[in-house]
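J.: To start, I am sharing the structure in question, which I have written as structure tokens.
The values are calculated or read from the model by the stated rules, or taken from the named source; none is laboratory data. Note that this is a predicted model, so its numbers are computed, not measured. For neighbour counting, all protein chains shown are included, and Cβ atoms are generated from backbone atoms with ideal geometry for every residue, glycine included. In case anyone asks, the SASA skips ligands and DNA or RNA and just uses the protein heavy atoms, side chains included. Shrake-Rupley method; radii C 1.70, N 1.55, O 1.52, S 1.80 Å.
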Amino acid sequence: MEESALVAKAEKYLKEISNDSISLDNIEEFENFKRLYYKLDDRLNSLQELKESMDAQGYTTPFTSLNKYGTKAIAEVSLEEMSENSRHNQMFRMKANAKKNVLDRVKSAIDAHKIAIGHLEQCGYLKCDSCYKKYSLSEFRLKGEKCSCGHENFSFKINKDATYRLEIIPYLPLSGNYLVLMSELSGYGRNSFKKVLNILKQERKGLVKTISLVIRFRD
Ligand SMILES: [Zn+2]
């Protein structure tokens with residue numbers, strides 16, 4: 001696909017995501033739960049495909065081919081050529097910036113979808129009505145909604161003991177809009193957010209799966 005067409009395609013897709021609001025109404029009913037899970041899972045696959053195409057087209061390092069005057073020494077470059085070059089470079093920089101930004105948003109959208117799917121996976125699971133084997137939603141989908149014992153009737157269960165918070169899903173930067181969401185935070189919120197990020201960076205050695213927030217207040 002042509003380079004600028006890929007940027008446009010990615011932007012259009014992210015826009016579609018941002019216009020599609022997430023409903024958690026009666027989410028404990030399997031049809032609603034499944035619809036949301038499948039939607040997020042499908043989108044995650046599309047986003048990952050987009051990212052792969054972008055990686056293949058060098059979006060990770062869009063500025064590397066910015067070479068001012070080829071192999072010529074500066075003294076050999078005419079004024080006319082220089083302004084031509086600077087126009088060209090300006091265009092190039094704009095395009096490179098667009099690529100960098102859209103890739104950044106696609107990556108953020110991928111992470112947000114993974115978080116949302118992770119919460120759903122923790123929350124609901126399926127149990128075969130015949131052999132009582134348990135399936136996570138991803139296994140259930142992978143198996144073509146069929147148990148390995150051959151039966152296709154399942155009961156949907158909500159995991160009471162696991163840690164999940166489905167109510168955060170509508171607030172995740174699913175369309176890669178994390179910068180927009182950050183700009184909507186108060187000064188205090190932004191500072192707290194930065195502190196959380198720093199803590200995560202310091203914990204690089206291990207894999208951070210959950211964070212507990214402690215709020216202290218004075219009477
Ligand atoms: Zn079974």
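J.: Students often check this: by mean Cβ neighbours within 10 Å, which of 167-173, 18-24 ranks highest, and how do the rest follow?
T.: On the way: 167-173: 15.1, 18-24: 11.9.
Per-residue mean Cβ counts within 10 Å order the peptides as 167-173, 18-24.
J.: Here is a follow-up. Using a Gaussian network model on the chain with a 10 Å cutoff between Cα atoms, which of Glu139, Glu31, Glu80 fluctuates the most?
T.: Result for the chain, Cα springs under 10 Å: Glu80 fluctuates most.
J.: If each residue of separation counts as 0.36 nm, what is the full-extension length gain between Asp20 and Asn159 once their alpha-carbon separation is subtracted?
T.: Values: separation 139, 0.36 × 139 = 50.04 nm, distance 2.74 nm.
So the extension gain works out to 47.3 nm.
J.: Among the lysines, which have Cα under 28 Å from the Cα of Lys15 when same-chain residues fewer than 8 positions away are ignored?
T.: Lys34, Lys39, Lys51, Lys95, Lys99, Lys100, Lys107, Lys114, Lys194
J.: Starting with the highest mean, order 5-11, 106-112 by the number of other Cβ atoms within 10 Å, averaged over the residues of each peptide. Let's see the in-between values first.
T.: On the way: 5-11: 16.9, 106-112: 21.1.
In descending order of packing, they fall as 106-112, 5-11.
J.: Which FRET efficiency value, to the nearest 0.05, do you get for Lys100 and Lys127 by plugging their Cβ-Cβ distance into 1/(1 + (r/R0)^6) with R0 = 41 Å? Working shown, then result.
T.: Numbers: r = 46 Å, r/R0 = 1.12.
After rounding to 0.05, the efficiency reads 0.35.
J.: Right, another one. Per residue, how much accessible area does the chain have with a 1.4 Å probe, in Å²? Let's see the in-between values first.
T.: Details: 15420 Å² over 219 residues.
Dividing the accessible area of the chain by its residue count gives 70 Å².
J.: Where the accessible area of segment 3-176 is counted over protein heavy atoms with a 1.4 Å probe, how much of it, in %, is carbon and sulfur? Intermediate values should be presented prior to the final figure.
T.: Working: 5150 of 10560 Å².
Carbon and sulfur atoms account for 49 percent of the accessible area of segment 3-176.
J.: Still on this structure: Where the centroid of each part is defined by its Cα atoms, how far is segment 140-205 from segment 1-54 in Å?
T.: Taking the Cα centre of segment 1-54 as reference, the centre of segment 140-205 is 15 Å away.
J.: Counting Lys and Arg as +1 and Asp and Glu as -1, what is the net charge of the other residues whose Cβ lies under 12 Å from the Cβ of Tyr59? Working shown, then result.
T.: Working: positive: Lys51, Lys95, Lys99, Lys100, Arg105, Lys107; negative: Glu3, Glu52, Asp55, Asp104.
With Lys, Arg at +1 and Asp, Glu at -1, the neighbours total +2.
J.: Please give the calculated 222 nm ellipticity per residue for the chain, where each DSSP H segment of at least 4 residues contributes -39500 (n - 2.57) and the sum is spread over every residue; nearest 500 deg cm²/dmol? Don't jump to the answer; show the numbers that get you there.
T.: On the way: 6 runs with 117 residues, N = 219.
When only DSSP H runs of four or more count, the value is -18500 deg cm²/dmol.
J.: Please find the FRET efficiency linking Met91 to Phe193, where r is the Cβ-Cβ separation and R0 is fixed at 35 Å, and quote it to the nearest 0.05.
T.: On the way: r = 35 Å, r/R0 = 1.01.
Computed FRET efficiency for Met91 and Phe193 comes out at 0.50.
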